[in-house]
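Below: the structure, in structure tokens.
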Amino acid sequence: MSQSLVIIPTYNESENISSLILKIFQEIPEIHILVVDDNSPDKTYEIVNKLCKNFKQNLFLELRQNKNGLGEAYKHGFKWALNKSYEYIFQMDADFSHDPSELLIMLNYLKNNYDLVIGSRYIEGINVVNWPLNRILLSVIAAYYVRLITWMPIKDPTAGFVGYKKKVLKSINTERIRSIGYAFQIEMKYISWRQKYRLKEHPIIFKNREKGVSKLGSKIIFEAILAVPLLRLRRFFYE
């Protein structure tokens, strides 16, 4: 069994998912992939299910009945991964905004000196391609806001391309995390940092999706704004 797993949450990603899975296997043939689909109306899960027949040992599908948010999808995936005893667990988007060619580099960090590795858009300037200016400004301001409030020394706290050692996820009580979207990404990093795990930001180039529709909405952004101060107030839960 592979020691490494990539978790990909999906909702209406039929235009991207097949190409992404094949690209990941091209980069690391022995890696395992778990797709957590929230009952996509475009039947993304049917595409994955067909691919599972060709990659019986490496590709897995968890089909949830309702769309409950990105955070819940990842929590489902993390629980599944820990039950299967993977040592290295990654999370990444399904829309090719995260380049699968970075996975091997990030995996090597985990196998050596680090407990958590973040695919960072902002550790070396602003490495974002094809995002509208207002979206870039929103993301950069959000990152600064999170650092200001939490004191967390992470340049890209809302990043969605992250790799964990098993021990990190085992130490986090994800049932306490109710956030979705940006807030979920922030909270996972904040807890890991408070628990003094060794963190590494690896520079990546983030590309805006070319196919499909973004799931980021004003509700997710507003939730993140409210959630950040609460992290400081609740920090004693994580120590």
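The values are calculated or read from the model by the stated rules, or taken from the named source; none is laboratory data. These numbers come from a predicted model, not from an experiment. Here the Cβ is made from the backbone with ideal geometry for all residues, glycine too, and neighbour counts use every protein chain on show.
Say whether the condition of being assigned to a helix (DSSP H, G or I), touching a helix residue (DSSP H, G or I) at 6+ places or on another chain (Cβ under 6 Å), among the aliphatic types (A, V, I, L, M) and at pLDDT 95 or above is met by at least one residue in the stretch 138-161. No, because not a single residue in the stretch 138-161 is assigned to a helix (DSSP H, G or I), touching a helix residue (DSSP H, G or I) at 6+ places or on another chain (Cβ under 6 Å), among the aliphatic types (A, V, I, L, M) and at pLDDT 95 or above. Reported count of residues in the stretch 18-33, each being surrounded by fewer than 24 Cβ atoms within 10 Å (Cβ to Cβ) and either of a type in the set (A, V, I, L, M, F, W, C) or under 13 Å from ASP95 (Cα atoms) (or both), is 9. Of the residues making up the stretch 123-142, those that are of a type in the set (A, V, I, L, M) and touching a residue at least 12 places away in the same chain (Cβ under 8 Å) are ILE123, ILE126, VAL128, VAL129, LEU138, VAL140, ALA142. Where strands (runs of 3 or more DSSP E) fall wholly inside the stretch 1-103, the ranges with 3 or more residues that are hydrophobic (A, V, I, L, M, F, W, C) are 4-10, 32-37, 59-63.
When LYS75 is tested against (1) within 23 Å of SER192 (Cβ to Cβ); (2) more than 18 Å from the chain's Cα centre (by Cα); (3) of a type outside the set (Gly, Ala, Ser), only condition (2) is not met.
Rundown of residues vs (1) at pLDDT below 95; (2) farther than 26 Å from ILE177 by Cβ; (3) of a type in the set (S, T, N, Q), yes/no style:
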site: LYS43; (1), (2), (3): no, yes, no
site: LEU61; (1), (2), (3): no, no, no
site: ASP95; (1), (2), (3): yes, no, no
site: LEU110; (1), (2), (3): no, no, no
site: GLY119; (1), (2), (3): no, no, no
